[in-house]
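The next block holds one structure in the form of structure tokens; read it before the comments.
What follows draws every value from the coordinates through simple rules; no lab data is involved. Just so it is clear, the structure is predicted and the values come from calculations on it, not from any experiment. All Cβ positions, even for glycine, are placed from backbone atoms using ideal geometry, and neighbour counts span all protein chains on display.
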Amino acid sequence: ERFFPEPLERTSRPGIAVGMAWTPHGGDLLYIEATAIPAGRGNLTLTGQLGDVMKESALIALSYARSASIELLHKNFDFGSHDIHIHIPSGAIPKDGPSAGITMLCAIASLLLDRPVAEGVAMTGEITLRGAVLPVGGIKEKVLAAHRGRIRKIILPRRNEQDLHDVPENVRKEMEFAFVDNVEQVMREAFPGTGTGIKLQPISPAAA
């Protein structure tokens with residue numbers, strides 16, 4: 001069946017981030033959506049037929065967001081009285097793998113900031129509870145999928161920079177790549193134009 005990429009216009013709303021996935025047939029784009037449900041109890045709902053690894057990535061992303069201070073964040077948001085729902089469309093297609101952590105975190109941050117992720121940006125990478133960004137696999141397939149989907153800029157773990165040698169030169173020349181080591185660098189790339197950038201740093205016990 002002929003492949004038609006989803007329109008990037010849908011990412012113009014807060015709470016949506018574009019990730020990239022490896023599949024047995026090549027790469028694909030993942031449109032990860034996040035929403036907050038009031039009158040909740042701080043629960044997390046995941047839909048889209050996610051595997052155990054992606055569920056763990058979502059839990060880590062939410063835990064990091066809950067424990068972090070976000071510059072420009074709406075100060076009255078209370079995680080304890082809202083449920084967070086993360087959804088990846090195309091629910092009939094199983095999805096798993098350790099590469100969607102930063103995308104889920106950006107979807108959550110976009111929701112809380114009420115600000116869309118920068119247009120034409122996709123990303124891949126896993127995160128730790130301390131905010132480090134870990135390398136992932138399938139870079140060639142993911143970059144080619146992003147290129148087909150009219151993505152202009154890709155955020156990648158710095159340790160994956162060497163994997164771009166496998167990507168055709170003509171594709172590399174038509175795209176911009178941002179290499180990151182930590183979550184704060186991801187925020188600067190995903191939400192540009194905020195002076196020093198949006199800071200997403202864990203709150204120390206003393207500060208909390």
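Paramagnetic label reach from His25 (point 7 Å along Cα→Cβ; backbone nitrogen cut-off under 17 Å): within region 133-148, residues 141-142, 144-146, 148.
Under the simplified labelling scheme, the Arg115-Asp83 pair shows an inter-label distance of 3.0 nm, with each label point 7 Å from Cα along Cα→Cβ. Listed peptides 171-177, 102-108, 149-155 appear in the order 102-108, 149-155, 171-177 once ranked by packing, highest mean of other Cβ atoms within 10 Å at the front.
A convex hull fitted around the alpha carbon atoms of region 97-138 yields 75 Å³ per residue.
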